[in-house]
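Visitor: Below are the structure tokens for one structure; questions will follow.
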Amino acid sequence: MGDAQGQGCIEQIVFFLDENHCGNKHLHAVFQELKIDYEKHTDHFPRGIEDTVWLPIVAKHGWIVLTADARIRLNALERQAIKRNKLRFFYFSRNDFGGAEMGTILRRALPRMVELSQTQAPPFAASISRNSDVTLRDTSEDL
């Protein structure tokens, strides 16, 4: 399990690939290569399920969300779900990256993502840029 108290440090790093990325074999390869655990949306939820339904469940497991859907953090109900459930939330800054490019970006960004997940108390949202920079965008005060 993850950080049940939401105090920052996390026992086990497990990323959750959202519906749009759970089939991206390039992302799977990076997680496998770096020996980082990950879960896929379709292994736990049906396609098309509302974000406000799966976000709390992912949070209960302590999983770290990875998506390209930056709009989640702009939707009021979804922002509330991120905040209320103390989620760690990473998103690719653009959703036009190809699968292989996402894998390359993720490989370079993962050390910073893991570090941020271990040092930044949830909830938070952070972006991942094309050059693999990871930038904290929203924290509990901003959400």
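The values are calculated or read from the model by the stated rules, or taken from the named source; none is laboratory data. Keep in mind the model is a prediction, meaning the values are calculated, not measured. Using ideal geometry, Cβ is built from the backbone for each residue, glycine included, and neighbour counts are taken over all protein chains shown.
Visitor: Which count do you get for residues in region 39-62 that are surrounded by fewer than 19 Cβ atoms within 10 Å (Cβ to Cβ) and more than 15 Å from Lys86 (Cα to Cα)?
Guide: Adding up the residues that qualify gives 11.
Visitor: Oh, and also: Of the conditions (1) on the phi < 0 side of the Ramachandran plot; (2) of a type outside the set (Val, Ile, Thr); (3) surrounded by fewer than 17 Cβ atoms within 10 Å (Cβ to Cβ), Gly103 clears all except one; give me its number.
Guide: (3)
Residues are listed down the side, and each one gets a yes or a no for (1) assigned to a loop (DSSP other than H, G, I, E, B); (2) small (Gly, Ala, Ser):
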| position | (1), (2) |
| --- | --- |
| Arg94 | yes, no |
| Thr104 | no, no |
| Glu115 | no, no |
| Ser132 | yes, yes |
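Visitor: Does Ala68 qualify as being among the small types (Gly, Ala, Ser), within 15 Å of Ile10 (Cβ to Cβ), modelled with pLDDT under 95 and under 14 Å from the mean Cα position of the chain (by Cα)? It would help to see each step written out before you state the result.
Guide: Details: among the small types (Gly, Ala, Ser): yes; within 15 Å of Ile10 (Cβ to Cβ): no; modelled with pLDDT under 95: yes; under 14 Å from the mean Cα position of the chain (by Cα): yes.
No, not satisfied.
Visitor: Same structure, new question: Pairs only if they're at least six apart or on different chains, beta carbon under 7 angstrom, first in region 27-46 and of a type in the set (Lys, Arg), second at pLDDT 95 or above; list them, first residue then second.
Guide: Lys40/Leu17
Visitor: Would you check if Lys86 is modelled with pLDDT of 85 or more, out of contact with any Asp or Glu (no Cβ under 9 Å at 6 or more places or on another chain) and on the phi > 0 side of the Ramachandran plot?
Guide: No: the conditions fail for Lys86.
Visitor: Report yes if Ser127 is outside any strand (DSSP E or B) and either among the polar types (S, T, N, Q) or over 13 Å from the mean Cα position of the chain (by Cα) (or both), otherwise no.
Guide: no
Visitor: Then there is this: Restricting region 3-19 to residues that are touching a Lys or Arg at 6+ places or on another chain (Cβ under 7 Å) and farther than 17 Å from Val114 by Cβ, which is modelled with the highest pLDDT?
Guide: Across region 3-19, the extreme among qualifying residues is Glu19.
Visitor: If I go through region 102-142 residue by residue, how many of them are closer than 25 Å to Glu33 by Cα, among the acidic types (Asp, Glu) and touching a residue at least 24 places away in the same chain (Cβ under 8 Å)?
Guide: So the count comes out to 1.
Visitor: Something else now. Could you list, in sequence order, all residues of region 36-79 that are assigned to a loop (DSSP other than H, G, I, E, B) and hydroxyl-bearing (Ser, Thr, Tyr)? Let's see the steps before the verdict.
Guide: Residues of region 36-79 assigned to a loop (DSSP other than H, G, I, E, B): 36, 44-50, 62-63, 68-69, 75.
None - no residue of region 36-79 is assigned to a loop (DSSP other than H, G, I, E, B) and hydroxyl-bearing (Ser, Thr, Tyr), so the list stays empty.
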